[in-house]
Amino acid sequence: MSETAFAIDLITFFHPGFWDVETETDVIALGHAQPRPFWDRLLDAARDSGAKGIELTFSPFSWRDTIAAYGSAAAFAQELQARDLRLATGFFADVAIGGGLDDAGTQAAYIAEASEYAAYLSELGVSVMVMGLTMRKSWNSQPAPYIGIDQAAPIADFCNRLGAATLAHGVQLALHTEAHSIFSLARDVDLFMLLTDPVFVNFCPDTAHILLGGADPIDVVARHIERVVATHWKDATGPAPVRIAIDHEVHKQHRPFFCPLGSGKVDWARWRALLDRAGFAGWNIIEIDATPDPVGAVQASLAFIRGHQA
């Protein structure tokens, strides 16, 4: 597995301390107020980390923000090339953040936005769009918020239609595992992989988030390895409680479980062996949620990877 296949998700740069501001809200405001200096610093740091690519995500790290900073996809591509970087993948965060999949109009808006995003990715030679699904409701909500086949089937149909829209631009849709979402537990992955059409919907597993759900990520991914088109590499100390209050702060509840590569419970030797046996040649995305030293954290992750070559 070549180190040139490693990229970094831009959520890694979301910590206020990196930007010399007080809160994550301030980071967003800074990115919107000064897009060009913000992105220049961001890309310089990504280059200095040793990663070879980046994954776009929510604003101020989104595809539309790159246009605000540089004017066009082509101009952004030049900025990447000047730093020996590539755009690896694009994360479509709208669904996970916005929810509302029970509304046909909201679904149509998501599909339209994803289609525009896919056209942009295609212009930069990117072939994978990663998407998270909505968060679960808290376990004690009423009515009981279980996800059975009847609840999952309409969402799978939406994923198929969105995947068809992105594939029209040559971009494959890949579902991403997110702890406490409807696509997080081992059974959730099996369910949505069964219900979605593999022609239009692929898989981007996140090792740490699967582990937070109480499963072995290698075992889960092995069942669906033929649909993996990108991977997220992250470590975690162990499972998180399943029955917690799920609100807009739930992602911050995950952060104490995350840890540097090699210091958690992911079996990286088995993980690499699984990908190598499958002949996986896509992008591997290092993701470290909002660290105050993103450059150092990514450098340490890459050093761990170099030291554990299969």
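The values are calculated or read from the model by the stated rules, or taken from the named source; none is laboratory data. Given the structure is predicted, the values throughout are model-derived calculations rather than measurements. In this analysis, Cβ positions are derived from the backbone assuming ideal geometry, glycine residues included, and neighbour counts consider all displayed protein chains.
So in region 157-188, with the set limited to residues that are modelled with pLDDT of 95 or more and in a strand (DSSP E or B), which one is surrounded by the fewest Cβ atoms within 10 Å (Cβ to Cβ)? Once the filter is applied, the top-ranked residue is Q172. One residue stands out among those in region 243-267 that are part of a helix (DSSP H, G or I) and in contact with a helix residue (DSSP H, G or I) (Cβ under 8 Å, 6 or more places away or on another chain): the one that is modelled with the highest pLDDT, which is F257. Within region 1-44, restricting attention to residues that are assigned to a helix (DSSP H, G or I) and aromatic (F, W, Y), the residue that is farthest from A69 (Cα to Cα) is F18.
None of D84, D102, D44, D65 is among the charged types (D, E, K, R) and either modelled with pLDDT under 95 or in contact with a strand residue (DSSP E or B) (Cβ under 6 Å, 6 or more places away or on another chain) (or both) except D102. Scanning region 96-137 for residues that are among the small types (G, A, S), part of a helix (DSSP H, G or I) and surrounded by 14 or more Cβ atoms within 10 Å (Cβ to Cβ) yields a count of 7. In summary, A240 fulfils each of the numbered conditions (1) under 28 Å from R47 (Cβ atoms); (2) crowded, with 18+ Cβ neighbours inside 10 Å; (3) in contact with a Gly (Cβ under 8 Å, 6 or more places away or on another chain) with the single exception of condition (1).
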